[in-house]
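Following: one structure in structure tokens, then a few remarks.
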Amino acid sequence: MSFPTIRPRRLRQTEGLRRMVRETTLRADQLIAPLFIRHGAGVSKPILSMPGHSQLSVDTVVREAESIAELGIPAVLLFGIPAQKDEIGSGNFDPEGIVPRAAYAIKKAVPELVIISDMCFCEYTSHGHCGVINTPGTPDYDEHLCEGYLLNDVTRDLLGKSAVVHAQAGADIIAPSGMIDGMISGIRGALDTAGLSNTVIMSYAAKYSSAFYGPFRDAAESPPSFGDRGQYQMDPGNAREALREVALDVEEGADMLMVKPALAYLDIIAKVREQFNLPLAAYQVSGEYSMVKAAAEKGWIDERRVALESLTSIARAGADMIITYWAKDAVRWMRG
Ligand code: PBG
């Protein structure tokens, strides 16, 4: 009497069989490439903590955007490093500001590329926090709140104002990243009032207060000058709270959702995917990139394999879109 042999390994015998049964395959269509833009001309200033990435000026970023589009990557995410910072981050809602200028130039040169504008104040404020700070002497000072607290509603209103400026300059998608309460309805209301009801909102719905953002703060020159972002970004221990944050953003009218960072929060990505039907992005953040780069430089790890494995895992967990500093490399690697 012979028994049927149960052998999952049968399906792993050859590359052909493995390709046939592969459940998740990365596509260029899923990727979003972040870009850092600063004033000047002909600028390409390497970001030391993120090998392979540079701060670019408007002219050089246009060339970079062209090469991203040529690779079949559908979208870029813009970050600006303003010439000047102030208490309220007014560079963020200046129509001549760095991101509006870049958005306009990219839209003109590469109209098919989707432009996402990261809508946060930390790059624009002198104190490096993601909005207006409660300080005695400022017009919005609230004596009932502790000093140094990030003022929610003032910040929400300024986000709405900035979103209109960025959308008018050519941004297709506004991506608020400050974890401010009511930011989605605030931005939606401001956009609609300005006649921009077709501008998409991608909410950084569950954004954690993460040490993995370390290298980014170098890239965007935006470290907080005091404290950390724990009063507005989420605590890494919380999962149920992420679902609450996401549910609120869905109610407020978000068109797309995001979880950030990615690899350390795959459970959150999977839960959000299970419970909500909006398109979901995950942000593979600077620290996730730089750790691998550093280990690869030492010869301890195979960058290409680790990057593709991480990206595939993020897609497998449920992300439809992935923001990644490996976007261009990943497409080249996928092509073999
Ligand atoms: C702005 C912002 C940050 C990142 C994206 N948008 C930094 C932060 O919240 O401190 C991090 C991205 C990365 O690490 O790659 N608030």
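The values are calculated or read from the model by the stated rules, or taken from the named source; none is laboratory data. Keep in mind it's a predicted model, so treat the numbers as computed, not measured. Here Cβ is always computed from backbone atoms with ideal geometry, including for glycine, and neighbour counts include all displayed protein chains. For the accessible areas, the whole protein counts, side chains as well, though only heavy atoms, and no ligand, DNA or RNA atoms are used. Shrake-Rupley method; radii C 1.70, N 1.55, O 1.52, S 1.80 Å.
Some observations on this one:
- Residues that are farther than 24 Å from VAL132 by Cα number at least 2 in the following helices (runs of 4 or more DSSP H) confined to region 208-311: 240-251, 266-275, 286-297.
- Candidates are the residues of region 177-207 that are outside any helix (DSSP H, G or I) and open to solvent by 50 Å² or more (accessible area, probe 1.4 Å); the one that is nearest to PRO51 (Cα to Cα) is ASP181.
- Selected residue (criterion: farthest from the ligand (Cβ to nearest atom)) from residues of region 98-117 that are open to solvent by less than 10 Å² (accessible area, probe 1.4 Å) and without any contact (Cβ under 8 Å) to a residue 60 or more places away in the chain: VAL110
- Test: PRO215 is open to solvent by 10 Å² or more (accessible area, probe 1.4 Å) and either hydroxyl-bearing (Ser, Thr, Tyr) or within 10 Å of the ligand (Cβ to nearest atom) (or both): yes
- Residue match in region 66-73 (condition: closer than 22 Å to LYS108 by Cβ, among the small types (Gly, Ala, Ser) and either open to solvent by 60 Å² or more (accessible area, probe 1.4 Å) or in contact with a Pro (Cβ under 6 Å, 6 or more places away or on another chain) (or both)): no
- In region 218-247, the residue that is most open to solvent (accessible area, probe 1.4 Å) out of those that are hydroxyl-bearing (Ser, Thr, Tyr) and within 10 Å of the ligand (Cβ to nearest atom) is TYR232.
- Filtering VAL250, VAL272 for residues that are more than 16 Å from the ligand (Cβ to nearest atom) and open to solvent by 40 Å² or more (accessible area, probe 1.4 Å) leaves a single hit, VAL250.
- Residue check for ALA319: within 16 Å of the ligand (Cβ to nearest atom), in a loop (DSSP other than H, G, I, E, B), open to solvent by less than 10 Å² (accessible area, probe 1.4 Å) and within 24 Å of ALA211 (Cβ to Cβ): yes
- Among the residues making up region 322-331, those that are outside any helix (DSSP H, G or I) and not hydrophobic (A, V, I, L, M, F, W, C) are THR324, TYR325.
- ALA220 under 24 Å from ASP235 (Cβ atoms), at pLDDT below 95 and under 19 Å from the mean Cα position of the chain (by Cα): yes
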